[in-house]
Structures are given as structure tokens and as C-alpha cells.
Amino acid sequence: MRTDSTGIPKPAIVLAAILGAALLAGVIVLRVYSGNEPAQPQHNKIDKPLAVAPVPAPDAGNKDCAALLGKLPRTIPSDGKQLSRLALAKPAPPATVAWAATEDPVILRCGIEKPAELTPTSQLTVVSGVQWLRVADQGRATYYAVDRPVYIALTVPDSVGTGPLQDTSTAIRTALPQKPVRP
């Protein structure tokens with residue numbers, strides 16, 4: 001039997017190379033047929049009701065918020081993924097909805113107080129016919145819909161993209177009439 005310079009028989013070296021190549025091919029085939037994204041760690045998923053801190057929302061119980069909540073989607077897009085609506089821990093703030101796939105939820109609150117940052121010179125952004133005031137914070141931004149009968153806040157982590165803002169704008173435009181901005 002022929003051996004290489006280390007004394008290992010050549011058939012053993014060939015067999016090891018073939019097994020290694022077969023293992024690599026198996027991993028590639030498995031990844032292709034199971035999707036291109038690796039599985040997400042289970043510890044990041046939200047599997048219990050989300051605790052949401054209350055904020056002053058004097059108009060949360062009115063018909064406008066009820067109409068909006070009925071139009072909000074069950075899922076919203078986020079950088080190619082879908083964020084699912086979450087159950088909120090009791091006592092949940094009224095007229096509040098949250099979506100997430102992991103630890104960073106998107107939170108919508110309806111009927112809140114007028115944002116202090118809204119002034120006659122505030123720069124507004126229009127998305128799907130809704131005027132928003134953006135207020136940035138560390139790692140997230142809160143967008144305030146300021147041209148509807150009630151004020152609405154959408155808090156979005158920087159990591160989720162613009163999908164939540166677009167889908168909630170569509171729901172707001174559909175559910176609530178446009179009103180002049182009241183700075």
C-alpha cells in the first residue's frame with residue numbers, strides 16, 4: 001500500500017477528502033433548500049405580552065381612535081420581514097398597538113396630547129397623504145401624525161426601515177379625515 005510522506009495510506013487521504021467534500025455539498029444543499037437566511041435565535045422572539053408604558057392620551061377613547069384601530073394591519077413590513085401584532089400586557093394603555101419580530105417593537109398610540117415639538121415652523125414629512133412630525137431619539141424615532149382629528153404617535157426603532165410608517169399612513173388616511181395642522 002502506498003503512503004504519503006507522513007506514513008498515512010493514500011486511500012485514507014482520498015477517502016477523507018471525499019467525505020469532506022460530501023459534507024460541504026450537503027451543507028450547501030440544505031441551506032439552499034431551507035432558505036437563505038439562518039434561523040433567528042429563539043431568545044430574541046417576543047413570546048409573552050409586551051409591557052407598554054402609558055402616556056397621556058386624552059382622546060384615546062374616542063370614535064376616531066376606534067376607527068383607526070379597526071383599519072390597522074395585523075402585520076407590517078420591515079426590511080423584507082413581516083412584524084406581527086403583539087399582545088399587550090395588562091393594564092394596556094388605551095388605543096395602543098405594537099408589532100415586532102424581536103425585542104424592538106414598533107408602537108402606535110392614538111389620541112395622545114399634541115406633541116410639544118409641533119410649532120408653526122416645524123418641518124413635516126408627507127407619507128401616503130399623512131403629514132408627520134419626526135422626533136428622533138437614541139436608536140429610534142417617533143413620528144406624530146399631525147393632520148387628523150386626533151394626534152397619533154408611531155415609535156419606530158432605527159433598525160426596521162420605512163415599512164411601518166408607510167403601512168400605518170395608509171391605514172390613517174383610510175380611517176380618518178384630513179384636518180388642518182394645528183401648531
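The values are calculated or read from the model by the stated rules, or taken from the named source; none is laboratory data. Remember, it's a predicted structure, so these values are computed and weren't measured experimentally. Keep in mind that these areas ignore ligands, DNA and RNA; they rest on the heavy atoms of the full protein, side chains included. Shrake-Rupley method; radii C 1.70, N 1.55, O 1.52, S 1.80 Å.
Some observations on this one:
- Rounded, prolate or oblate (a/c below 1.5 giving rounded, otherwise prolate when a/b exceeds b/c) for the range 135-183 by Cα gyration tensor: oblate
- Note on surface exposure: VAL146, VAL181 rank VAL181, VAL146 by accessible area, highest first, 1.4 Å probe.
- Counting only residues at least eight positions apart within a chain, or on another chain, the aspartates and glutamates with an alpha carbon under 17 Å from that of LYS90 are ASP47.
- Accessible area ranking (1.4 Å probe, heavy atoms, ligands and nucleic acids excluded), largest first, for SER169, SER159: SER159, SER169.
- Phi to ³J(HN,Hα) by Karplus 6.51 cos²θ - 1.76 cosθ + 1.60 over the range 88-98, Hz, x for Gly, Pro: 9, 5, 7, x, 7, x, x, 6, 10, 9, 9
- The HN-Hα couplings worked out from phi for the range 100-110 by the Karplus form 6.51 cos²θ - 1.76 cosθ + 1.60 (θ = phi - 60°) are 5, 10, 9, 5, 9, x, 9, 10, 10, 10, 10 Hz, whole numbers, x standing for Gly and Pro.
- Cα shape, the range 61-100, gyration tensor, a/c 1.5 rule: oblate
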